[in-house]
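Where a number appears in this text, it was derived from the coordinates with a stated rule and is not lab data. Because the structure is a prediction, the values reported are computed rather than measured. Ideal geometry is used to build each Cβ from the backbone, glycine not excepted, and the neighbour counts take in all protein chains shown.
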């Protein structure tokens, strides 16, 4: 593959095209030419140059239209405008509309080569800058992502493969028994991908009837069926620039499988009742708990759809082979929760837990009845951690008891008696 900067030259004069092609090829550029603006637009539909050189005034499509189209396709593509009738006003207009440079015919070859080299360097720097920004965003996002729990060798291999394929846009098929964490792995792939800023949309294909599933996937237009009172976009469109997770894809009917196959092949969907296709920009992750190869032999699943989905396969081992994630008993629950959230460790340890201590000491509790409790007079009533013979309450109770039992001293000496 050539690493030379790719340049598109657009002009209605073939002599200018030939001259520039020879000049730039000698300087190491990969040169493509287009006679007229319309041919230049057609070339841009299927190709991406590193920069463009175009004449401003041409029959039909002019250089300004080439400039606007290039900026719509990729704003980082430098466009150099050239004309034989230059003026200060036209130069200012071209720069304001986003032109990289403005040159007047006839021009010196050395001057043009310098401008072209700078344009190619500018394009390369912008691409590197964008790539670095995407990498920084991906690393920042991955630093906040929680890795799926599991210590078994087979599960770690699956997670490492998921981390490898996450930055790509390849379709992923996740297989495994129910409850093994297929959606968890799918969300993990989305979080590590370059589509992490987009939505993660999921649907269970086995939970909806055929007609409703088709409407949810592809959308519908108003009046297409009873109850369709307004247009509705499908989940393929709603997940634009993100990830679409198709859970239990093996439960689809044959008719829905055909439409899903077309969506994967053409990257477009046709809503129910519509006649025009809608382009989609989404990454597909599918999951199933069935053996799709066996379903193909039985004739209940399409082989061509399977090969479209089975670009990268992740098979999650069953839980019985992953004893490290099976929680056994209350102690296992506490260990799992404290590993997920260290802040819960103090809460789960109990009210008597001391920092740095591995045991808990129950706190003393005061008698809730205090004055009217019959157990307070019993010395053995200490099973709850409270004792009637300890603490200030017990001492106050003992003082009241001694005053109540003190004998009456009778009338004071010298006091008059009330008896007759």
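Observations on the structure shown:
- Sorted by Cβ density within 10 Å, fewest first, the residues 235, 212: 212, 235
- In summary, the convex hull built on the alpha carbon positions of the stretch 1-64 has an orientation-averaged projected area of 4.3 nm².
- The stretch 89-241: equivalent-ellipsoid semi-axes (sqrt of 5 x gyration tensor eigenvalues, Cα, Å): 46, 29, 11
- Each peptide in 161-174, 96-109 gets a packing score, the mean of other Cβ atoms within 10 Å over its residues, and the list from highest to lowest is 161-174, 96-109.
- P(r) tail fraction, the stretch 261-303 - alpha-carbon pairs more than 18 Å apart, %: 48
- Normalised by 2.2 N^0.38 Å, where N is the number of residues, the alpha-carbon radius of gyration of the stretch 1-158 equals 1.38.
- Fully extending the segment from residue 262 to residue 233, taken as 0.36 nm per residue of separation minus the present Cα-Cα distance, adds 8.7 nm.
- Exposure proxy ranking for 182, 232, 222, based on other Cβ atoms within 10 angstrom of each Cβ and starting from the fewest, stands as 222, 232, 182.
- Prolate/oblate/rounded call for the stretch 45-112, Cα gyration tensor, a/c under 1.5 rounded: prolate
- Each of 313, 180, 69, 226 was scored by other Cβ atoms within 10 Å of its Cβ. Arranged with the fewest first, they read 226, 313, 69, 180.
- Sorted into 10 angstrom bins from 0, the C-alpha pair distances of the stretch 181-253 split as 19, 42, 30, 8, 0 percent.
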